[in-house]
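One structure is given here, and the rest of the page talks about it.
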Amino acid sequence: INVALVGTTGVGKSTLVNVLKGSKIAETSNDAEPRTSEPARYEVEGAGICIWDTRGLDEASEGAAKSALKGFLRFFRIIPDADHELKNFLCGKQPEINLVLFCMERSKIEVEAHWKTYNKIRVDFCKKGITVGVVVTRMDDAEIHDQGSMWKSKCRSTAQRVVKKLLVPDLNLIEAVPKFTELEDEEVKDCKKRILKLILSTHG
C-alpha cells in the first residue's frame, strides 16, 4: 500500500513518518522551513505499507527558493512549484499511490481555507481510485479520546461548508497525532495503531 503524506510545511508530516516507523528517521520541523525536498520513501516493516513524505504545499523548489528569480521561474514553470510536482507525483504510476493522508494542525480544523486545500487535493490532484483521509496533528491526547469525538465533528462540519457532499471525509477516515516528546510514549504507540488501522481499512 503506497500512502502519500500531504500538507503545508511544518504541519507534522515527517513527525507522522517517525510515529509509523517507531524511530526518528525523518527530520522534523515546527516552523515554515522545509525539511523534505522531494518525496521520500519509508517502509513500515511487517505491514506492507510504504509511506511517501512529500514536500510542503506551496513551497518553491529548493533551487528556486535560493534564487532572486524565484517568482519568475515559478510563474513560467521553469522550476515547478510544490503543488505542480505533487499533482504529477499523485497522478503517476511509479509509485501508484493508493491513499493520501492530508495533514492539518488542530488549530486549523475550523479554518475553511485549509478545507479548500483538501478539496483541491481531492478534485484536482488525485486520480480516480485514490482515497483521501485526514490526519490532525498536534492534538491533546485527552481530546483524541473524547467519547463524543467533537473534534472529528468540527472537521466534518467545516468541510461541509466548502467541500462537495460526496467528498466530505467519513469519520473513519479522520485520525489524529498527539503532542508528544518521546516516541516511546504510550499515546504515540496508540496513535501508530490507529493510523495503521485507518490505512489498512482503505485497502480491502
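Worth pointing out:
- Residue within region 118-136 that is touching a helix residue (DSSP H, G or I) at 6+ places or on another chain (Cβ under 8 Å), closer than 18 Å to Gly12 by Cβ and charged (D, E, K, R) present: no
- Cross-chain or 6+ apart pairs with Cβ under 8 Å, region 139-162 first and of a type in the set (A, V, I, L, M), then open to solvent by 60 Å² or more (accessible area, probe 1.4 Å): Met139/Lys179; Val162/Glu112; Val162/Lys116
- Under the condition of being within 22 Å of Ala113 (Cβ to Cβ) and either among the β-branched types (Val, Ile, Thr) or surrounded by 12 or more Cβ atoms within 10 Å (Cβ to Cβ) (or both), the residues counted in region 144-157 number 7.
- Elements of type helices (runs of 4 or more DSSP H) in region 86-195, at least 2 residues being modelled with pLDDT of 90 or more and within 25 Å of Asn2 (Cβ to Cβ): 112-120, 150-162
The values are calculated or read from the model by the stated rules, or taken from the named source; none is laboratory data. Not measured: the values here are computed from a predicted model. As a convention, Cβ positions derive from the backbone with ideal geometry for all residues, glycine included, and neighbour counts pool all protein chains shown. For accessibility, only protein heavy atoms count, side chains too; no ligands or nucleic acids. Shrake-Rupley method; radii C 1.70, N 1.55, O 1.52, S 1.80 Å.
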